[in-house]
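What follows is one structure encoded as structure tokens, with my remarks underneath.
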Amino acid sequence: MELSPPSARRRLAVALVGCSASAGRILLALLAFALDSGWTYEHAASWRAVVVLCSFLSLAGLVLAVYNLPESPEWMLANGMPDQARLAADTLSHDNGRPPAAARRLPPPRPG
């Protein structure tokens, strides 16, 4: 979120949460329908398969997020990494078609 423009953060947050929740509910309903062939006592355990599968998918998403999401320049600054913060901010500026001067509020790089 902090990489998006401040004027769009609220709308972006609401849109991401709303779309993710809706997509998740639709996929869960489709998964439950695919795993359940009818509601009888013999098939009553099919909800457990849905819970286990959703748990594994959530765990996989968490692992992917932990290893693939970069730290933000603000986090790097707060944790004493100004050089890495400047490099990350310059990379983000370049990727968004902005000049590196867009990151001028970062401290200057350390000499050496």
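Looking at Ala102, is it under 26 Å from Ser4 (Cβ atoms), modelled with pLDDT under 75, open to solvent by less than 70 Å² (accessible area, probe 1.4 Å) and in a helix (DSSP H, G or I)?
Details: under 26 Å from Ser4 (Cβ atoms): yes; modelled with pLDDT under 75: yes; open to solvent by less than 70 Å² (accessible area, probe 1.4 Å): yes; in a helix (DSSP H, G or I): yes.
So Ala102 passes the test.
Regarding Ala32, is this residue touching a Ser or Thr at 6+ places or on another chain (Cβ under 8 Å), at pLDDT 80 or above and in a helix (DSSP H, G or I)? First the steps, then the outcome.
Numbers: touching a Ser or Thr at 6+ places or on another chain (Cβ under 8 Å): yes; at pLDDT 80 or above: no; in a helix (DSSP H, G or I): yes.
In short, no.
The values are calculated or read from the model by the stated rules, or taken from the named source; none is laboratory data. Predicted model, so just to flag it, every value in this text is computed and none were measured. Neighbour counts run over all protein chains shown; Cβ positions are idealised from the backbone, glycine included. For accessibility, only protein heavy atoms count, side chains too; no ligands or nucleic acids. Shrake-Rupley method; radii C 1.70, N 1.55, O 1.52, S 1.80 Å.
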